[in-house]
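Structure record follows, encoded as structure tokens.
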Amino acid sequence: MNIRPIKLKKLILYVAVTFAFGIVGTLLGGGVSQTYTALNKPPLSPPGVVFPIVWSILYVFMGIGAYFLSNERAEKISCLLKIYWIQLVFNALWPLIFWRLKAFNLAAVIIVVILTLVIMLTLGASKINKLSSLLFLPYIIWLLFALYLNIGISILN
């Protein structure tokens, strides 16, 4: 792996744009905390305060991972970055589908789509920039947990 100097402005831009997608998702979702409290939830459901903390950490990791990937010169970078941005769009749409529309089954399908895209991204990144792919792994783990929660809520409500 070739170590390159970090371009701080570009790094901050990747993290900031990733967070912006999260903010859009939050705004689309509406009154999340009240709805979450009212739902019947499966075992292992964390308190609502956990979600913004976890997502903040994940957005930082994701933004940094995308930044490192963007600095590579391999042919597949353009395709992988397109997958990154597409999964972020689905990520931002999920709160609208789940929280505002309460279409829990469709929201689970959206998570499966995001998960598939992120696995593709991570596998592709692993061949080009190992650090980038490692930074996406916590996101995959959280998506699997989110899918469990989503399906559980779908069944219980």
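Side notes on the structure shown:
- Angle in degrees between helix 77-95 and the longest Cα principal axis of the chain, rounded to the nearest 10: 20
- Our note on the geometry: Cα centres of the range 98-157 and the range 24-95, 9 Å apart.
- Estimated at 0.36 nm per residue, the fully extended path between residue 85 and residue 8 surpasses their Cα-Cα distance by 25.7 nm.
- Accessible carbon and sulfur surface of the chain relative to its total accessible area, %, 1.4 Å: 75
- Axis angle, to the nearest 10 degrees, between helix 50-70 and the longest C-alpha principal axis of the chain: 20 degrees.
- Net dipole in debye of the chain [+1 Lys, Arg Cβ; -1 Asp, Glu Cβ; about Cα centre; nearest 20]: 360
- When the Cα positions of 93, 32, 49 are compared along the charge dipole of the range 1-107, 93 comes out farthest toward the positive end, with charges on each C-beta of Lys, Arg, Asp and Glu.
- Of the trypsin sites (Lys or Arg not before Pro) found in the range 96-142, those that fall in a DSSP loop while having at most 14 other beta-carbon atoms within 10 Å are 102, 127.
- In the range 53-157, the alpha-carbon atoms span a convex hull of 82 Å³ per residue.
- Per-residue 3J(HN,Hα) values for the range 21-33, derived from phi via the Karplus relation 6.51 cos²θ - 1.76 cosθ + 1.60 with θ = phi - 60°, read 4, x, 5, 4, x, 4, 5, 5, x, x, x, 5, 5 Hz in sequence order (x marks Gly and Pro).
- Of 7/82; 41/82; 9/130; 9/82; 82/127; 102/127, pairs whose Cα-Cα distance is over 27 Å: 41/82; 102/127
- Take the range 22-157 with all the other protein chains still there, run a 1.4 Å probe, and you get 50 Å² of accessible area per residue.
The values are calculated or read from the model by the stated rules, or taken from the named source; none is laboratory data. Model, not experiment: these values are computed from the prediction. Cβ coordinates were reconstructed from backbone atoms using ideal geometry, including for glycine residues, and neighbour counts include every protein chain displayed. All accessible areas refer to the heavy atoms of the entire protein, side chains included, with ligands and DNA or RNA removed. Shrake-Rupley method; radii C 1.70, N 1.55, O 1.52, S 1.80 Å.
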